[in-house]
Amino acid sequence: MTTADLPRCGWAASAPEYVVYHDEEWGRPLHGETALFERLSLEAFQSGLSWLVILRKRAAFRAAFAGFDVDTVAGYAVADVERLLLDAGIVRNRAKVEAVVGNARVTRLQVPEGLDALLWSFAPTGRRRRPRTPADIPTMSPESAAMAKELKRRGFRFVGPTTAYALMQATGMVDDHLRSCWLGGAGSQPPT
């Protein structure tokens, strides 16, 4: 069986970018401030759009936001926001651009324990059964609602319960790969 023949979650088969993202990133535990800040920011940009749009613009987002280095983005000024709004490589939504800059500042000022520790403190404990069908996958959970509430309390923007749940899926805090998917859990290897 080649990797092209592997059974995947249904959404992953619709575009080559989805296949790579599904097989190499989605649902795998992710740690580190820069990596988590990137995912938090991209999930905010995705709100109301297709994730495929975000994946296709990911390199441009990384260039525009200095590789999602929190200190650099926290130092962005009004001129930087205006520059970003002219960048056709990214989603040019003022509220979302300003939210990413603001969220970087909040990360520096309101998250003394570190973004990694804060976000992962909401990861569900214990194992749960993987979903059988896409209908079994929630769009939010009590944990994502609690995460969103705490992030908003600290001053983060574009972090509602649905966005928080998508972040939890993307960073491996929850495993929503379907039971029929070749990824039997985070870190699985394709059969040889």
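The values are calculated or read from the model by the stated rules, or taken from the named source; none is laboratory data. Please read all numbers here as calculations on a predicted model, not as lab measurements. As a convention, Cβ positions derive from the backbone with ideal geometry for all residues, glycine included, and neighbour counts pool all protein chains shown. Areas reflect the complete protein model, heavy atoms only, side chains present, ligands, DNA and RNA absent. Shrake-Rupley method; radii C 1.70, N 1.55, O 1.52, S 1.80 Å.
Excluding ligands, DNA and RNA, the accessible surface per residue across the chain is 48 Å² with a 1.4 Å probe.
Within the listed set Thr125, Thr107, Thr72, the residue fluctuating most in the Gaussian network model of the chain (springs between alpha-carbon atoms under 10 angstrom) is Thr125.
The separation of segment 110-141 from segment 9-53, counted between C-alpha centres, amounts to 15 Å.
Assign one of three labels to segment 1-118, namely rounded, prolate or oblate, based on the Cα gyration tensor with a ≥ b ≥ c the square roots of its eigenvalues; rounded applies when a/c is under 1.5, prolate when it is not and a/b is larger than b/c, and oblate otherwise. Kindly include the intermediate steps, with their values, before the conclusion.
On the way: a/c = 2.74, a/b = 1.56, b/c = 1.75.
The shape class here is oblate.
Classify segment 53-147 from the C-alpha gyration tensor, please: rounded if a/c falls under 1.5, else prolate or oblate depending on whether a/b exceeds b/c. The shape class here is oblate. Evaluate the distance, in nm, between pseudo-label points positioned 7 Å from the Cα of Glu82 and of Leu109 along their respective Cα→Cβ axes. Result for the modelled spin labels: 2.2 nm.
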